[in-house]
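Here the structure comes first, spelled out in structure tokens, and everything after it is commentary.
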There are 2 protein chains.
Amino acid sequence: MTKLTNTSDEIIRCARTLIIAGGYNGFSYADIADVVGIRKASIHHHFPSKVDLVRTLLQLYREEAKAGLATVKSYNTDPADQLRAYINYWTACIGDPTSSFCVCALLASQIPVLPPEIVVEVRAHFRTLSTWLASVIEEGATQNAFSLTGTAQSEAESFMAAVHGAMLSARVYGDEKVFSVVTEPLIERLINDQGK
Amino acid sequence: MTKLTNTSDEIIRCARTLIIAGGYNGFSYADIADVVGIRKASIHHHFPSKVDLVRTLLQLYREEAKAGLATVKSYNTDPADQLRAYINYWTACIGDPTSSFCVCALLASQIPVLPPEIVVEVRAHFRTLSTWLASVIEEGATQNAFSLTGTAQSEAESFMAAVHGAMLSARVYGDEKVFSVVTEPLIERLINDQGK
DNA sequence: CACAGCCTACCTTCTAGTAGGTAAATATCA
DNA sequence: TGATATTTACCTACTAGAAGGTAGGCTGTG
């Protein structure tokens with residue numbers, strides 16, 4: 001994996017926060033330079049171009065996400081608990097402006113104007129997440145803990161879409177509660193239908 | 001209502017398309033000038049500042065949206081049909097790059113970096129939409145056509161979030177079908193639970 | 001005339017990115 | 001070991017182009 005010094009790590013963290021706030025065109029090297037406390041040119045030393053920076057950032061984000069999802073699975077045997085752990089992660093993030101949105105979900109909205117190298121990473125993250133959700137939901141169905149109305153994959157796409165939409169609503173209303181209002185019933189719905 | 005000449009109307013239409021593609025910072029006066037076929041300065045004649053342009057654009061969009069939602073209600077007596085008409089509208093839009101996303105939903109993702117005048121309009125649209133959805137869902141519940149798991153308002157927030165998330169997924173995957181996969185079960189879920 | 005609608009020409013500020021230099025850490029090797 | 005390369009991490013100073021916006025001048029119409 002790409003080695004990261006303290007400074008380049010700090011640059012990435014800062015860029016991530018700025019992207020979460022305003023997307024790809026919502027931040028500049030100057031913004032990062034101000035926060036990190038080095039000069040613009042020094043950022044180019046670490047990341048020759050903006051695309052390099054954001055691509056690296058996304059690769060790192062995706063690795064963290066994959067590791068996180070794997071951890072959720074290893075620490076929870078119950079599929080419902082696995083989904084709850086995923087939701088709880090984001091519930092904890094929603095209030096914090098530096099992490100209140102999935103970087104990939106945010107960039108996703110700007111796909112038509114994004115460099116192709118970035119689009120590839122964003123798309124890959126969506127596939128990773130929906131595949132993970134589908135496997136958890138599939139597992140729940142196999143255990144007769146969940147009853148599905150469609151395929152596990154389509155249930156996963158619905159689940160993911162609802163979470164992303166909930167992030168958006170929380171941002172618009174400036175109210176963290178909306179996120180929970182939307183996401184909490186998602187898991188209950190899978191479980192409650194059990195008796196059919 | 002603000003009077004609009006042919007040209008300023010064209011400017012607004014063009015800006016709307018560009019915002020749908022890349023958000024507030026994703027387009028410039030130069031971009032619009034190229035498409036409309038006039039000079040940058042002439043756009044400033046119609047809309048002194050970028051904020052003026054986008055605010056007017058959003059006011060117009062909101063009026064159209066409100067009129068559209070009212071029309072849906074007047075043409076469909078069945079609440080389920082009203083929801084279907086709303087979903088069908090967006091299903092028809094999803095494939096077309098110039099209208100494949102709700103302008104307000106797109107801008108919503110960038111709220112932290114948006115001028116306050118714009119945020120107000122975006123937030124107002126979300127409230128209008130969720131209130132409309134809640135009233136339709138409430139009506140369905142009163143008629144015993146729908147059975148709700150929460151309040152009409154919370155069902156409405158879930159419905160809206162799912163639709164916005166579905167737009168995002170369709171964009172990421174470059175696949176219109178995902179939108180239908182996510183949105184179609186939304187209405188069925190409200191209905192199917194009826195027998196309880 | 002007055003004004004709408006457009007123009008050319010310009011301004012300032014910001015954008016990503018480059019050129020080239022300095023000082024310190026780190027390899028390399030006699 | 002000590003002398004010598006090389007690399008890392010930063011810097012100042014700069015570029016070309018794009019950003020939003022302004023000043024002021026034409027031209028046609030009510």
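The values are calculated or read from the model by the stated rules, or taken from the named source; none is laboratory data. Because the structure is predicted, anything quoted here is derived from the model rather than measured. Cβ placement follows ideal geometry from the backbone for every residue including glycine, while neighbour counts extend to all protein chains displayed. We work out accessible area using only protein heavy atoms, side chains counted, and drop any ligands, DNA or RNA first. Shrake-Rupley method; radii C 1.70, N 1.55, O 1.52, S 1.80 Å.
Overview of results
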| read-out | value |
| --- | --- |
| With Cα atoms, 0 to 90° folded angle of helix B:6-22 axis to chain B main axis | 60 degrees |
| Karplus-derived 3J(HN,Hα), 6.51/-1.76/1.60, for each residue of region B:103-114, Hz, glycine and proline x | 3, 5, 5, 5, 5, 3, 5, 9, 3, x, 10, 8 |
| Within chain B, helix-based [θ] at 222 nm, where runs of 4 or more DSSP H residues each add -39,500 (n - 2.57), nearest 500 | -24500 deg cm²/dmol |
| Accessible area of chain B belonging to carbon and sulfur atoms, whole % at 1.4 Å probe | 52 percent |
| Semi-axis lengths (Å, descending) of the ellipsoid that matches the C-alpha gyration tensor of region B:61-195 | 24, 18, 14 |
| Förster-model FRET efficiency, 30 Å R0, B:D81 and A:K177, C-beta, rounded to 0.05 | 0.45 |
| Cα coordinate range in region A:41-126, projected on the principal axes (Å, largest first) | 48, 28, 25 |
| FRET efficiency, B:T151 to A:A41 (Cβ-Cβ, R0 51 Å, nearest 0.05) | 0.40 |
| Inter-chain shielding of A:109-117 (mean C-beta neighbours from other protein chains, 10 Å cut-off) | 6 |
| Accessible area of region B:61-195 divided out per residue, in Å², using a probe of 1.4 angstrom | 40 Å² |
| Listing of region A:142-161 residues, each with accessible area lower by at least 30 Å² in the full protein assembly than in the chain alone (probe 1.4 Å) | A:E157, A:S158, A:A161 |
| Other-chain or far-sequence residues with amide H under 5 Å of A:F146's (modelled H) | A:A141 |
| For region B:57-63, Karplus couplings with θ = phi - 60° (6.51, -1.76, 1.60), whole Hz, Gly/Pro x | 4, 6, 4, 5, 4, 5, 4 |
| Viscosity 0.692 mPa s, temperature 37 °C, Stokes-Einstein D of the protein assembly as shown from Kirkwood C-alpha radius, µm²/s | 149 µm²/s |
| Accessible area buried at the A-B interface, both sides summed, 1.4 Å probe (Å², nearest 100) | 3100 Å² |
| Rounded tilt (10° steps) of A:79-94 against the dominant C-alpha axis of chain A | 40 degrees |
| For region A:37-49, 3J(HN,Hα) per residue [Karplus equation, 6.51 cos²θ - 1.76 cosθ + 1.60, θ = phi - 60°, Hz, x = Gly/Pro] | x, 10, 8, 3, 4, 5, 5, 5, 5, 7, 9, x, 10 |
